[in-house]
Amino acid sequence: MYNLPKLSVVGAGPGDPELITLKALNTLKSAKVVLYDALINRELLEYAPQAEHIYVGKRKNKHRYSQDEINDLIVNYANERGHVVRLKGGDPFIFGRGSEEINYAKSKGLDTAVVSGITSSIAVPANVGIPLTQRGTAESFWVITGTTSARKLSSDVYLAAQSTATVVILMGMSKLAEIVNIFSEFGKEDMPVGIIQNGTTVNEQSGFGTIKTIEKVVTEKSLTAPAIIVIGEVVKESHQLPKELKEASGFSASAYSKFLKIGAA
């Protein structure tokens, strides 16, 4: 029986293969072709053994396909094979360009569906014990891209730095120095910062400090992208936070410097 051409944009979650929804797994089982991104856990492809798996990931300065080429692949494979699943890390509608692909597929007459995923902006901090909101500490949180389509730091960071909200920055490691400078401009040098690399996966690494010290922490721990930056008082709640920092009054930069000296002794 001929399958009507269809695109399903599916969120794969933050990296842990168990953090994917049941609906996403069921959608993968009906796929004829899976076009998957760089940050998805490859174990998830086992749920679509009947499908052809095609890597179309885009990483910094390493694009296997342009977005226009990916759009064409979606339409061509859907017309030839039936059901195409576009498997994207986290949630496809949070900095994932999922809506662009849905709109393009609709313009070409494809049936479409979206399966939300667990976003890394929430799951990764939670995995190290950081609540983005907490009674008496943080009433809201911002999720901001560190790098816009123009390859610049989002201007929203300036607004976020003036608020009392928790700030979560995705794709921001290359802009860390700029982020630190902005928060410093607003007197936030002692604000706690956590950086989690490869969150929720077996390769997860993290580092903690303050706006004043976090660049040093990143260098010492060799933290790189993909990583999530969390800025706010709630960072002190992390179960991975060194005891010396958790007990330090105000989680000050001087306390962190003292901890580094103790660790190096």
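The values are calculated or read from the model by the stated rules, or taken from the named source; none is laboratory data. Keep in mind that what you see is a predicted model, and the values were worked out from it rather than measured. As a convention, Cβ positions derive from the backbone with ideal geometry for all residues, glycine included, and neighbour counts pool all protein chains shown. The accessibility values were calculated without ligands, DNA or RNA, using every heavy atom of the protein model including side chains. Shrake-Rupley method; radii C 1.70, N 1.55, O 1.52, S 1.80 Å.
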Along principal axes, Cα extents of segment 93-145, largest first, whole Å: 50, 18, 17
Inter-centroid distance (Cα atoms) of segment 69-144 relative to segment 198-227, Å: 25
Portion, in percent, of the accessible area of segment 20-97 that falls on carbon or sulfur, probe 1.4 Å: 46
Within segment 1-59, GluC sites (Glu not before Pro) in DSSP loop having at most 14 other beta-carbon neighbours inside 10 Å: Glu18
Nearest-0.05 FRET efficiency for His53 and Ala150, computed from C-beta distance (R0 35 Å): 0.60
Segment 113-215 - accessible surface per residue (Å², probe 1.4 Å): 45
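For segment 110-183, state which trypsin sites (Lys or Arg not before Pro) are in a DSSP loop and have at most 15 other beta carbons lying within 10 Å of their beta carbon.
Those that pass, being in a loop and sparsely packed, are Arg135, Arg151, Lys152.
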Segment 4-86, accessible area per residue, ligands and nucleic acids excluded (1.4 Å, Å²): 50
Gyration tensor (alpha-carbon) shape descriptor, segment 1-102, a/c threshold 1.5: oblate
FRET E, pair Thr137, Phe186, Förster distance 25 Å, beta-carbon r, rounded to 0.05: 0.85
Per-bin percent of Cα-Cα distances, the chain [10 Å]: 7, 29, 30, 19, 11, 3, 0, 0
Dipole of segment 153-236, positive direction: furthest Cα of Ile228, Thr164, Gly199, with charges on the beta-carbon: Gly199
Gyration tensor (alpha-carbon) shape descriptor, segment 126-254, a/c threshold 1.5: rounded
